[in-house]
Amino acid sequence: LHLGRQTLVTPATLSPSDYAEIWSSVEYKRKEFSQGTPILLTSKGERVRSKSEVIIADTLARLKIPYKYEVPLELKNGKTIYPDFCCLNLRTRREIFWEHFGLMDDPDYISKTIIKIQNMQESNYKLGKHFIFTMEKSESPLNPKLVEKMAEQYLS
């Protein structure tokens with residue numbers, strides 16, 4: 001609208017920045033860090049649990065994709081999980097959970113990962129629509145270019 005008319009109109013929806021600000025301001029209780037957990041900080045000064053999570057968080061921040069770290073998510077089976085990132089796609093205004101599975105060399109971790117993905121799907125969280133994931137193992141570390149590509153594909 002012309003600048004003169006803009007003062008006469010109240011938008012029916014919030015601007016993306018206003019929506020993101022309100023979304024980001026909702027408080028939640030994060031998962032606690034165990035004593036002895038290494039202190040790893042993102043470019044925004046947030047504490048995360050792994051170097052790969054630093055890569056993901058810094059990519060999201062650089063692409064100006066709003067996110068929250070370890071938001072509790074209650075599943076249909078009554079269990080509460082803490083996916084690594086709860087991201088906001090500003091275009092669709094939908095939340096997408098991003099889980100990073102970083103210990104795919106460990107058979108016990110793999111079993112827990114499979115159960116976690118199955119529990120999310122059984123709770124009607126659809127892969128690619130409600131959650132995405134990355135994974136790595138020692139000989140195949142997380143690729144920052146893949147992280148950026150996924151963020152752009154699913155969250156922009």
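The values are calculated or read from the model by the stated rules, or taken from the named source; none is laboratory data. As the structure is a prediction and not an experimental result, all values here were calculated from the model. The protein model used for the area step is the full one, side chains on, heavy atoms only, and it has no ligands, DNA or RNA in it. Shrake-Rupley method; radii C 1.70, N 1.55, O 1.52, S 1.80 Å.
Per-residue ellipticity at 222 nm from helix content only, as computed over the chain with -39500 (n - 2.57) for each DSSP H run of at least four residues, stands at -10500 deg cm²/dmol.
The alpha carbons of segment 45-97 occupy a box of 35, 29, 15 Å along the principal axes, longest dimension given first. Can you give me the C-alpha center-to-center distance between segment 77-137 and segment 21-54, rounded to a whole angstrom? After rounding, the separation between the Cα centres reads 17 Å.
For segment 75-156, lysine pairs separated by 8 or more sequence positions, or belonging to different chains, with Cα-Cα distances below 27 Å total 27.
Surface calculation, 1.4 Å probe, protein heavy atoms: Arg93 sits at approximately 70 Å² accessible.
For the chain, list log₁₀ I(q)/I(0) at each q in 0.11, 0.18, 0.20 Å⁻¹, using the Debye formula over Cα point scatterers of equal strength and ignoring solvent, two decimals each. Each listed q maps to, in turn, -0.49, -1.21, -1.47.
Using a 1.4 Å probe and counting only protein heavy atoms, arrange Ile96, Ile115 so the residue with the most accessible area comes first.
I get Ile115, Ile96, largest accessible area first.
Using the alpha carbons alone, the radius of gyration of segment 81-127 stands to its Kirkwood radius in an Rg to Rh ratio of 1.04. State the percentage of accessible surface on segment 1-93 attributable to carbon and sulfur atoms; use a 1.4 Å probe and exclude ligands, DNA and RNA. Summing carbon and sulfur atoms, their accessible area is 55 percent of the total for segment 1-93.
For Asp18, the accessible surface of its heavy atoms amounts to roughly 70 Å² (probe 1.4 Å, protein chains only, rounded to the nearest 10). Across the chain, C-alpha contacts under 8 Å between residues 6 or more apart give a mean separation that, scaled by the residue count, equals a relative contact order of 19 percent.
In terms of solvent-accessible area of protein heavy atoms at a 1.4 angstrom probe, what is the ranking of Ser43, Ser111, highest value first? Kindly include the intermediate steps, with their values, before the conclusion.
Details: Ser43 90, Ser111 65 Å².
These residues rank, largest area first, as Ser43, Ser111.
Accessible area of Lys137 (1.4 Å probe, protein heavy atoms only, ligands and nucleic acids ignored): about 80 Å². Put simply, segment 106-156 fits an ellipsoid with semi-axes of 21, 19, 4 Å; these come from the alpha carbon gyration tensor as the roots of five times its eigenvalues, largest first. Shown here are the Rg and Dmax of the Cα trace of segment 1-42, at 19.9, 59 Å.
Over the C-alpha atoms of segment 69-156, the Rg to Rh ratio, Rh being the Kirkwood estimate, stands at 0.97.
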